[in-house]
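This report concerns only the one structure given below.
The values are calculated or read from the model by the stated rules, or taken from the named source; none is laboratory data. Here the structure is a predicted model, which means the values were calculated and not measured. Every residue, glycine among them, receives a Cβ derived from its backbone with ideal geometry; neighbour counts consider all protein chains shown. SASA here: full protein model, heavy atoms, side chains in, ligands and nucleic acids out. Shrake-Rupley method; radii C 1.70, N 1.55, O 1.52, S 1.80 Å.
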Amino acid sequence: MKHLLTAAMPRDEAIALLDLAEDMHQIQDRELKKLPALRGRTVVNLFFEDSTRTRSSFEIAGKWLSADVINVSGKGSSASKGESLRDTGLTIAAMGVDGVVVRSGASGAPALLADWIGKPVINAGDGTHDHPTQALLDAFALRRRIHGRAARGKGLDGVRIAIVGDIAHSRVARSNALLLPALGAEVTLVGPAAFLPVPAADGTRLGLRAETSLDAVIGERPDALMLLRVQLERQAGKVAPSVGEYITGWSLTDERLARLGDAAIMHPGPMNRGLELSSRAADGDASTVLAQVTAGVSVRMAVLYSLLASDHATDQRSADHRPADHRPANDGGLR
Ligand code: NCD
């Protein structure tokens, strides 16, 4: 793997990344959160769109691996003076950076950048297209909730997940629609017709079963409900259904929560409380919202390590091939 542009990947690759993230996750319990793996490497976070958790968790991940991390945001950069993505990318690459994490409102921008700059590129969300590290962290958090500390090596076989909301405009939904079934999960897309992707000839949407009734899907007692933010900024002023209709039909209200049993309640953030879900749903025991954020650091450490640690990048992404002193589990690797 030279870049991480999409969540479309074979099962064994996904599991290897999740297992590596399990190794990285152990750093959360340490007082001294520093591994030497990327010492001397420089990573640029190039963010043309707003972000709280994705940008800061990539920054934390890079720093915990001892990389130098520089944040460049669209607003304060020469992009706001009309510089093209290609020129911005080539400029950053010319400074000798080792990898670029990019978020852009333009679907496909990270793939173009990867062609142009000849350095590892990580897609941190592109338009309505893909957000691979989000899908990986969602899978990580869910796998941990189901399998606990015995999660290593496992997929999500037979786990029934409903992705609810604005699927059509959501790169998180698209990435999860690619990754979760590859891990063996049974995914159903749920939302108002206007928020569901265009059906394929076989009636599936993104290759998956789609339903409009959240109540019917809750009646099936899924193992997890993944709620998505209503992407008002991507709807060009046309919002259908109305906010009131959305809450009536698709919000995880306290009443629906009571019917859901102990299903995991997931949300990539940022949440609109009272719209996608109630505060009780967001803050209750079944909520994985903050566990997903924590998982984001571990997954991004795993991805940065896979792409940028030279001894690893040249050596396939296999936990067995990692030198012992790079393993977070090993105190000797901590500096
Ligand atoms: C998502 C994004 O930006 O794609 N957030 C995230 O990365 N955690 C989802 C969203 O904006 O709704």
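Assorted remarks:
- Against the list (1) part of a helix (DSSP H, G or I); (2) surrounded by 19 or more Cβ atoms within 10 Å (Cβ to Cβ), the condition Arg149 fails is (2).
- Boolean, Thr42 is over 26 Å from Leu290 (Cα atoms) and in contact with an Asp or Glu (Cβ under 7 Å, 6 or more places away or on another chain): yes
- Residue in the stretch 45-61 that is modelled with pLDDT of 95 or more, away from the ligand (no atom under 16 Å from the Cβ) and either within 21 Å of Ala114 (Cα to Cα) or surrounded by fewer than 17 Cβ atoms within 10 Å (Cβ to Cβ) (or both) present: no
- Boolean, Met1 is surrounded by 15 or more Cβ atoms within 10 Å (Cβ to Cβ), closer than 30 Å to Gly184 by Cα, within 22 Å of the chain's Cα centre (by Cα) and modelled with pLDDT under 95: yes
- The residue list Val230, Val172, Val187, Val159 contains one member that is within 16 Å of the ligand (Cβ to nearest atom) and under 25 Å from Ala16 (Cα atoms), which is Val172.
- Residue within the stretch 79-91 that is open to solvent by less than 50 Å² (accessible area, probe 1.4 Å), assigned to a loop (DSSP other than H, G, I, E, B), in contact with a Phe, Trp or Tyr (Cβ under 6 Å, 6 or more places away or on another chain) and more than 16 Å from the ligand (Cβ to nearest atom) present: no
- Hits in the stretch 105-132 - residues which are within 13 Å of the ligand (Cβ to nearest atom) and open to solvent by 10 Å² or more (accessible area, probe 1.4 Å): Gly105, Ser107, Thr128, His129
- Among the conditions (1) away from the ligand (no atom under 16 Å from the Cβ); (2) within 21 Å of the chain's Cα centre (by Cα); (3) open to solvent by 70 Å² or more (accessible area, probe 1.4 Å); (4) more than 15 Å from Tyr305 (Cβ to Cβ), the only one that Val72 does not satisfy is (3).
- Of all residues in the stretch 164-191, those that are within 14 Å of Thr128 (Cβ to Cβ) and at pLDDT 95 or above have Cβ atoms under 6 Å from Cβ atoms of residues that are part of a strand (DSSP E or B) and open to solvent by 10 Å² or more (accessible area, probe 1.4 Å), 6 or more apart or on another chain, in Ala177/Leu208.
- Checklist (1) assigned to a strand (DSSP E or B); (2) within 16 Å of the ligand (Cβ to nearest atom); (3) open to solvent by 10 Å² or more (accessible area, probe 1.4 Å); (4) out of contact with any Gly (no Cβ under 7 Å at 6 or more places or on another chain) applied to Val101, failing item: (3)
- For the stretch 3-31, a residue qualifies if it is more than 23 Å from Lys63 (Cβ to Cβ) and touching a residue at least 12 places away in the same chain (Cβ under 8 Å), and the qualifying residues are Leu5, Thr6, Ala7, Ala8, Met9, Pro10, Arg11, Glu13, Ala14, Ile15, Ala16.
- Among the residues of the stretch 52-97, those identified as hydroxyl-bearing (Ser, Thr, Tyr) and in contact with a strand residue (DSSP E or B) (Cβ under 6 Å, 6 or more places away or on another chain) are Thr54, Ser73.
- Test: residue in the stretch 25-33 that is within 23 Å of Ser298 (Cβ to Cβ), within 16 Å of the ligand (Cβ to nearest atom) and either assigned to a helix (DSSP H, G or I) or not acidic (Asp, Glu) (or both): no
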